[in-house]
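A short write-up of the structure that comes next.
The values are calculated or read from the model by the stated rules, or taken from the named source; none is laboratory data. Nothing here was measured: the structure is a model prediction, and the numbers come from that model. As a convention, Cβ positions derive from the backbone with ideal geometry for all residues, glycine included, and neighbour counts pool all protein chains shown. With ligands, DNA and RNA removed, areas are computed over all heavy atoms of the protein, side chains included. Shrake-Rupley method; radii C 1.70, N 1.55, O 1.52, S 1.80 Å.
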Amino acid sequence: MSTTADPTRMDQLQSLLHQRTGPLTRELLLKPGEFGLGKVPARQLPDATTNMVCGYCSTGCGLNVHLQEGTAVALTPTTDYPVNLGMACPKGWEALTVLDSPDRATVPMLRNASGKLEPVTWDTAMQTFVERLQGIQKQHGAESVAFLSTGQIPTEEMALLGALTKFGMGIVHGDGNTRQCMATAVVAYKQAFGFDAPPYTYADFEESDVIVLIGSNICIAHPIMWERVMRNPHDPEIIVVDPRMTETAMNASLHLALAPKSDQTLLYGIARILIEKNWVDHDYIDQHTTDFHEFREYVAQFSLERVACDTGLSEQQIQRFAELIHEGKRVSFWWTMGVNQSHQGVRTAQAIINLALMTGNIGRPGTGANSITGQANAMGSRLFSNTTNLLGGHDFANPEHREKIAGILGIDSEVIPTQNSWAYDEIIEGILRGKIKGLWVICTNPAHSWINQTQCRDILDRLDFLVVQDMYGNTETVQMADLVLPAAGWGEKEGTQINSERRIGLVKKLRPAPGQALADFSIFKLVAEYWGCGDMFAQWESPEAVFQLLKECSRGTPCDFSGIDDYEMIDKAGGIQWPYPEKRADNAGERRLFADGEFFHADGKAKFLFEDPRPLTEKPTQRYPFILLTGRGTVAQWHTQTRTRQSAVLRKLYPENPFVEINPADARALNIRRGEWTIVESQRGRLRAKAMVTHAIKAGQLFIPMHYEPTNRLTDPVFDPYSRQPSYKSCAVNISREGF
């Protein structure tokens, strides 16, 4: 046998190993991208770029979208956008990918006589929509039809939906899924400050020398905000108040792992220490607040011993917390769902606000009582969805407000409801009581996300007619629908969003929606025409035309942005924070509220508000000995995973199956090993979850991420009495090995 290699054969082998053409090699080829992009894949070589805001969370990052012939093909974070400064989380990087999912809803679907959803034309869909819902109203009254909206669509679409339903269709009751995340902060701000007004700018993360995070795992929930913390040059003390050793707590100077829902007691105890040691700003209190004397007398009962007993913290930890607040020159207090989703969330949020007020840590750089929003446009929903308040933060019950809005919109004030809507939970309860027979669900997924899921699905099943409008055709709520309306997603329509720091940012249409899917704006206009009230919305001809109407609705209010000319101005400015009145005093890119010490109550002062803490609504028992905590799972997951599960990249970044965190001591006692399947159950339901044995969770507690479909089988339907926000974060459960 010859040992000499055949040159021809070697050339063939070489060409196989180093092909210079073909599908794989072309995919790997990089070319200069221009536009400051460096090298990009040849197939995605852009001929232009444009900026827009991300459509996931409330951070409101700027994304630089790469275009080929006007269509989006790729994206990168915008380097000079004042929110993210060139950073993006995995969800942002994958924002375009999820639009290409095969699960997109592409054609209207109507449930037929045999119970199957089948494709229909838009004409049939609209005729059925009107016939069924008007028929329900004719038989049961106008209040028998309701809607559930979202914090995910642009402000102009929210406003059109709210105006269409309330002014054109005669619907009284409609709420948004922002009730599940932000209602507590809204009410807390309104009662304390006189308006729903988060006072901060993200620059405060970098200006603080003490950062207090309460019920807020921003490493996971808002990673770009955490990056801003990491840019802080002042070596800040970071205090995390959370029962669980979260990713954020792992990086804290001081982690206060208190007993679940004992934070209100802790904050009152801290207030007492600050007062007793005279570590308060008396000048600020006297000039800018009311009811401090009553608050001082009230918190006197929260002795160090009582607070230590109720919270499970040591006296030394509590004292150190107070000392760090006193030692800080610029202290900022931040909270999110760990506070908001509580049976006593409003008063807990106000206990945080009280600390900021009494120490003068508000209105200055690096300070504030700062609620971090959840959804991309929750702030737009709070002010302009026409659900909990009349457009622009006005009051349905105020005749002057109704006349103002009617005049701007060119409608009769008599069509504007004179009463506030039922809250989300009251709408669900209204279905159960037979008061609501028809429901229109837009861009939200209550069959997954609503508390006590099994009961919720049973209630939704009692409706005479359920319409679901969504960009995906496979959500849990879509599967229950009688009529499905396919909607365009982020990047397939235009409008504005308002982020956590009150920054109005622009969303652009950069690609067509698939199939027959329409922008929600176009669907609402179709409904108006078929319903017979199209003339009422003749001015609402485009999202930008609606923006001009909303400017006028905001004029003279705390959220006044009448000084913004148009979309182009927003685009060039890199987003604009409200307030931005027509006769604005400054053009600063980042602005905080209350720098002048003036609040929005009639007397110009902020209020101290307080109330006795209430015990857990569902305490551990012999049958259900554990307290279940829920929250964000990973940075790659988002809410009910309607979008994130559509990305192969994002799916690789989180466990496919539900998991439950359990303390090693509890795992040993129950003979549960890491990775084993367990059964977790409450009085309301049960689920299977793989055990994650970790010291991150304390003994007697469990943690399950909220994103998995079965999690809300367990949660307890109790609500804050002021905000009507559900208390997702704590309920009594049991856990056992599967099969035992």
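Of all aspartates and glutamates in the structure, the ones whose alpha carbon falls short of 12 Å from that of LYS509, not counting any fewer than 8 places away in one chain, are GLU492, GLU494.
Dipole magnitude for the chain: about 2080 debye, using +1 per Lys or Arg Cβ and -1 per Asp or Glu Cβ, origin at the Cα centre.
Looking at the chain, the DSSP beta bridges with both ends there are about 50 percent antiparallel.
Magnitude of the charge dipole for region 327-444, about its Cα centre and with charges confined to Cβ atoms of Lys, Arg (+1) and Asp, Glu (-1), is about 400 debye. Using a cutoff of 8 angstrom between alpha carbon atoms and counting only pairs six or more residues apart, the relative contact order for region 112-178 works out to 32 percent.
With the alpha-carbon atoms of region 534-656 aligned to their principal axes, the span from lowest to highest coordinate is 63, 48, 38 Å, starting with the largest.
Taken as Cα centroids, region 68-97 and region 600-663 sit 27 Å apart, rounded to the nearest whole angstrom. In the chain, the DSSP-assigned H stretches of four residues or longer account for a calculated mean residue ellipticity at 222 nm of -8500 deg cm²/dmol, using -39500 (n - 2.57) per stretch and the full residue count as denominator. Taking a sphere under 12 Å around the Cβ of ILE270 and counting the other residues whose Cβ falls inside, with K and R at +1 and D and E at -1, yields a net charge of 0.
Considering every pair of different Cα atoms, what Kirkwood radius, in Å, is found for region 446-574? Every distinct Cα pair counted, the radius reaches 17.3 Å.
Tell me, what is the percent relative contact order of the chain, built from C-alpha pairs under 8 Å that lie six or more residues apart? RCO, the chain: 18 percent. Under a 5 Å amide H cut-off, with hydrogens placed 1.01 Å from N, GLN725 pairs with ASP720 among residues at least 5 apart or on other chains. Using the Stokes-Einstein relation with a Kirkwood hydrodynamic radius computed over Cα pairs, the translational diffusion coefficient of region 335-468 at 4 °C and a viscosity of 1.567 mPa s comes to 72 µm²/s. Classified by the C-alpha gyration tensor, region 618-740 has an oblate form. Its axis ratio a/c, with a ≥ b ≥ c, is 1.5 or above, and a/b does not exceed b/c. Of the residues LEU628, GLY597, ALA648, the one whose Cα sits farthest towards the positive end of the charge dipole of region 595-658 is ALA648 (charges of +1 on Lys and Arg Cβ, -1 on Asp and Glu Cβ, taken about the Cα centre). Largest first, the residues THR418, THR49, THR496 sort by 1.4 Å accessible area into THR418, THR49, THR496. Applying a threshold of 26 Å to the alpha-carbon distances of LYS166/LYS572; LYS329/LYS698; LYS435/LYS619; LYS619/LYS690 flags LYS166/LYS572; LYS329/LYS698; LYS435/LYS619 as lying beyond it.
Considering only alpha-carbon pairs that sit under 8 angstrom and 6 or more positions apart, the relative contact order computed for region 242-398 is 23 percent.
For region 619-740, the solvent-accessible area of protein heavy atoms averages 43 Å² per residue (probe radius 1.4 Å; ligands and nucleic acids excluded).
Of the solvent-accessible surface of the chain, computed with a 1.4 Å probe over protein heavy atoms with every protein chain present, carbon and sulfur atoms account for 49 percent. Remark: region 204-256 carries 30 Å² of accessible area per residue (probe radius 1.4 Å; ligands, DNA and RNA excluded). A viscosity of 1.002 mPa s and a temperature of 20 °C, combined with the Kirkwood radius over C-alpha pairs in the Stokes-Einstein formula, give region 60-147 a diffusion coefficient of 124 µm²/s. A run of the chain free of exposed loop cleavage sites, with trypsin sites (Lys or Arg not before Pro) counted only in DSSP states other than H, G, I, E and B and at most 14 other beta carbons within 10 Å, reaches its longest extent at 463-582. Of the listed residues TYR268, TYR81, the order by accessible area with a 1.4 Å probe, largest first, is TYR81, TYR268. Here the ratio of the Cα radius of gyration of region 108-149 to 2.2 N^0.38 Å is 1.32. In order along region 208-214, the Karplus-derived 3J(HN,Hα) couplings, from 6.51 cos²θ - 1.76 cosθ + 1.60 at θ = phi - 60°, round to 6, 9, 9, 10, 10, 10, 10 Hz, and Gly and Pro are given as x.
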